[in-house]
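Asker: Handing you a structure now.
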Amino acid sequence: MPSVFIKTYGCQMNERDSEAVAAQLVAKGYSLAKTESAADVVLLNTCSVRDFAEQKAMNKMKNLVGTARKDRPGQILGYLGCMAQSRGRELIDKLPDVDLVLGTQKFHRAAEHLDELLAGKRDKIVDVAPEAKSEAAIREHLVNGSAKTSVSAFVSIMQGCNQHCTFCIVPATRGEERSRTIPDIVAECRELVARGVREITLLGQIVTSYGKRFSPAELWEGEGIPANRGASGVDSCGNSAFVQLLEAVHAIGGLDRIRFTSPHPKGYGDDLVAAYARLPKLCESAHIPLQSGSDRILKLMHRGYTREKFLAIVEKLRRAKPGIGITTDIIVGFPGETAEDFEMTLNLAREVQFDNAYIFKYSPRRDTPAAEMPDQVPQEIREERNHRLLELVNAIAARKYDEFIGRQVEILVEGPSKKNPARYTGRTRCNRIVLFDGSARHQGQLMDVKIERTGSFTLYGDPAVINL
Ligand code: 5AD
């Protein structure tokens, strides 16, 4: 039976898509190779969000082509996902040894295409057309594939994004917003819990827009609409479709923790804030992409909120759930960003005190409005702002990590640490990684540890103090 190696670039959605493709191939009899050189098929699941990510995957493919020509003629090479979607056939024109280009609505067709390529029935396949209902086709999980997936799993709830931020290529790579139904998602979560999963992260490019365009009948298809649902899809308690989904997942017995990513700040209505207080399984962590602290830049980005609005959301969340971990994404050097605009981002970061922040240098993406905007910021200024903001957010993050020393926290143990298998790793409810001297009996357990010291973005805990 053929063997496959999948390398993933980019976000958690990509990791989830790769896992679903791997699970699908295993179900069809393929095996998972340990290395690229041992594989009959190598697939790169790509990211297009910044130019750097695209370059990395293209360089990797060039190397793979070189090695395959020399050592492994007949090896099948393919691009999957976002860059496959946005560049299509162009990828084969550039590197004619590539056999497969599979877009973001076609992951579930991987096995059928690979079978044909391996059997020599077709020479090249480019499949990037939109496909109705593809959002519900990413279902398979590799629960026994790794320690992590057996305790904690990702579930894709929707695809695409209609927000059209001016810097962002995602509407072109993932398409229009399409949501799965609540009963369909809940059924997948139940299956996972039955297989030992205790934590589920609901995934989508803009999860807070989940189900927005569904009627109640569509949202609850197959199950009948619960009594308190109004005609607009918002229930009689004012809960949006997303909060209704959170409630439905929350009701699954045996599930301990729920997370979601990525939301949009405008989706933090009072119903979602109240859900944090009301639903104990909903972990107190939120990744809320800020992008900029300047109202002028937020407007040019087409983000749909102001810095005041953002601050108000953070304040509401901290009031509902003191200790909530709040992380963010920020872009520096967006076209037209002046020194004053950047100062506003710095002082907003200082004001919010993020638990962690991912900083990105603006990267022009083709066919996005921002790429054509005047006053593109020179590369060295983007670098300098990146450096300054990183120093600030890292200093704040380190101080916030230190505040954990001496505290007792609940962690869900995922398994041996990748870097040092003698240590075990778990996560706090607020999504911080904790390392401790554990053993196989801890795996999959919720347990309390006392934090003794901190490392770089890691906490070190001692379970022996309280878990005898
Ligand atoms: N340039 C730089 N960063 C970007 N992001 C999205 N598009 C771009 C771009 N063109 C960042 C945003 C987003 C994160 C996933 O990637 O901060 O939240």
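The values are calculated or read from the model by the stated rules, or taken from the named source; none is laboratory data. This is a predicted model, so every value here is computed, not measured. Glycine also receives a Cβ, built like all others from the backbone with ideal geometry; neighbour counts cover every protein chain displayed. When the accessible area is computed, the model is the full protein with side chains, heavy atoms only, and any ligands, DNA or RNA have been set aside. Shrake-Rupley method; radii C 1.70, N 1.55, O 1.52, S 1.80 Å.
Asker: Enumerate the calculated ³J(HN,Hα) couplings along the stretch 35-42 in order (Karplus 6.51 cos²θ - 1.76 cosθ + 1.60, θ = phi - 60°), each rounded to whole Hz, writing x wherever the residue is Gly or Pro.
Answerer: 9, 4, 5, 8, 8, 7, 9, 10
Asker: Sticking with this one: Binned at 5 Å from 0, what are the whole-percent values of the Cα-Cα distance distribution for the stretch 207-313, short to long?
Answerer: Going from the shortest bin to the longest, the percentages are 2, 11, 20, 20, 18, 14, 8, 4, 2, 0.
Asker: For the stretch 383-424, with only Lys/Arg (+1) and Asp/Glu (-1) charged at the beta-carbon, what is the dipole magnitude about the Cα centre, in debye rounded to 20?
Answerer: Value, rounded to 20: 120 debye.
Asker: Computing the accessible area with a 1.4 Å probe over protein heavy atoms, can you report the carbon and sulfur percentage for the stretch 360-403?
Answerer: On the way: 1340 of 2590 Å².
Using a 1.4 Å probe with all protein chains present, the stretch 360-403 comes out at 52 percent carbon and sulfur.
Asker: Let me ask you something else. Can you give the charge dipole size of the chain about its Cα centre, rounded to the nearest 20 debye, using +1 on the beta carbon of Lys and Arg and -1 on the beta carbon of Asp and Glu?
Answerer: The calculated dipole for the chain is roughly 640 debye.
Asker: Let me ask you something else. Over the stretch 371-449, what is the relative contact order in percent, taking alpha-carbon pairs closer than 8 angstrom and at least six residues apart?
Answerer: Value for the stretch 371-449: 25 percent.
Asker: A further question follows. Enter the Cα centre distance for the pair the stretch 119-196 and the stretch 64-92, rounded to the nearest angstrom.
Answerer: Here the two parts' Cα centres lie 22 Å apart.
Asker: What share of all Cα pairs of the stretch 68-118, in percent, falls into each consecutive 5 Å distance bin?
Answerer: 5, 21, 28, 24, 16, 6, 1
Asker: Give, in whole angstrom and from largest to smallest, the semi-axes √(5λ) of the equivalent ellipsoid of the chain, with λ running over the eigenvalues of the Cα gyration tensor.
Answerer: Details: eigenvalues 221, 161, 130 Å².
Over the Cα atoms of the chain, the semi-axes work out to 33, 28, 26 Å.
Asker: Just to check I understand the Karplus step: with θ = phi - 60° and J = 6.51 cos²θ - 1.76 cosθ + 1.60, what whole-Hz values come out for the stretch 427-433, glycine and proline as x?
Answerer: 10, 6, 4, 8, 6, 9, 7
Asker: Follow-up. Can you work out the base-10 log of I(q)/I(0) for the stretch 93-224 at q = 0.17, 0.23 1/Å, using the Debye formula on its C-alpha atoms alone?
Answerer: -1.05, -1.29
Asker: Do the alpha carbons of any pairs in Lys56/Lys266; Lys7/Lys124; Lys56/Lys419; Lys62/Lys124 sit beyond 26 Å of each other, and which pairs?
Answerer: Too far apart for the 26 Å limit: Lys56/Lys266.
Asker: Right, something else. With the dipole of the chain worked out from charges on the C-beta (+1 for Lys and Arg, -1 for Asp and Glu) around the Cα centre, which of Ala339, Ile169, Met447 lies farthest toward the positive end?
Answerer: Farthest towards the positive pole: Met447.
Asker: Related question: Once amide H atoms are placed 1.01 Å from N in the peptide plane, what residues at a sequence separation of 5 or more from Ala357, or on another chain, have their amide H within under 5 Å of its amide H?
Answerer: Excluding prolines and chain starts, which carry no amide H, the hits are Thr328.
Asker: Going out from 0 in 5 Å bins, what whole percent of all Cα-Cα distances in the stretch 214-271 drops into each bin?
Answerer: P(r) for the stretch 214-271, in whole percents per bin: 4, 16, 26, 23, 20, 11, 1.
Asker: Here is a further query. Considering only DSSP states other than H, G, I, E and B, which trypsin sites (Lys or Arg not before Pro) in the stretch 1-37 qualify as loop sites with at most 14 other Cβ atoms within 10 Å?
Answerer: Those that pass, being in a loop and sparsely packed, are Lys28, Lys34.
Asker: In the stretch 168-234, which trypsin sites (Lys or Arg not before Pro) fall in coil by DSSP and have 15 or fewer other Cβ atoms within 10 Å?
Answerer: Loop-located and lightly packed - Arg195, Arg213.
Asker: Kindly provide the helix-only [θ] at 222 nm of the chain, computed as the sum of -39,500 (n - 2.57) over DSSP H runs of four or more divided by all residues, to the nearest 500 deg cm²/dmol?
Answerer: Mean residue ellipticity, 222 nm, calculated: -10500 deg cm²/dmol.
Asker: Using the Karplus equation 6.51 cos²θ - 1.76 cosθ + 1.60 (θ = phi - 60°), what ³J(HN,Hα) coupling, rounded to whole Hz, does each residue of the stretch 262-270 give in order, writing x for Gly and Pro?
Answerer: 9, x, 10, x, 5, x, 7, x, 4
Asker: Give the peptides 64-71, 382-389 in descending order of average Cβ contacts within 10 Å, highest first. Can you show the working numbers first?
Answerer: Working: 64-71: 13.8, 382-389: 17.1.
The most tightly packed comes first, giving 382-389, 64-71.
Asker: Compute the distance from the alpha-carbon center of the stretch 395-468 to that of the stretch 25-44, in whole Å.
Answerer: Centre-to-centre (Cα) distance: 34 Å.
Asker: Find which of Ser417, Cys82, Thr8 sits farthest along the positive direction of the dipole of the chain, computed with +1 on the beta-carbon of Lys and Arg, -1 on that of Asp and Glu, about the Cα centre.
Answerer: So the residue furthest toward the plus end is Ser417.
Asker: Name the residues whose placed amide hydrogens come within less than 5 Å of the amide hydrogen of Gly175, ignoring near sequence neighbours (fewer than 5 apart) on the same chain.
Answerer: Distant-sequence amide H within range of Gly175: Cys161.
Asker: To continue, here is another question. Just checking the chain: which Cys have no other cysteine's beta-carbon under 4.7 Å?
Answerer: So far as the 4.7 Å Cβ criterion goes, Cys11, Cys47, Cys82, Cys161, Cys189, Cys237, Cys283, Cys430 stand without a partner in the chain.
Asker: Name the GluC sites (Glu not before Pro) in the stretch 184-216 that are in a loop by DSSP and that have at most 11 other C-beta atoms within 10 Å, would you? Don't jump to the answer; show the numbers that get you there.
Answerer: Numbers: sites: Glu188, Glu191, Glu199; in loops: none.
Answer in residue order: no site qualifies.
Asker: Before I look further, what does the stretch 286-427 give for accessible area per residue, probe 1.4 Å, in whole square angstrom?
Answerer: Values: 6660 Å² over 142 residues.
In whole numbers, the stretch 286-427 has 47 Å² accessible per residue.
Asker: State the answer as a single residue: which of Leu279, Leu203, Gly253 lies farthest towards the positive end of the charge dipole of the stretch 199-304, with beta carbon charges of +1 for Lys and Arg and -1 for Asp and Glu, about the Cα centre.
Answerer: Highest projection toward the positive end goes to Leu203.
Asker: Let's see if you can work this out: charge +1 on each Lys and Arg Cβ, -1 on each Asp and Glu Cβ, no other charges. What is the dipole magnitude of the stretch 186-323 about its Cα centre, in debye to the nearest 20? Intermediate values should be presented prior to the final figure.
Answerer: Details: 20 positive and 15 negative charges, 118 e Å.
It comes to approximately 560 debye.
Asker: Ordering Met58, Met83, Met344, Met1 from largest to smallest accessible area (1.4 angstrom probe), what's the sequence?
Answerer: Heavy-atom accessible area, descending, gives Met1, Met344, Met58, Met83.
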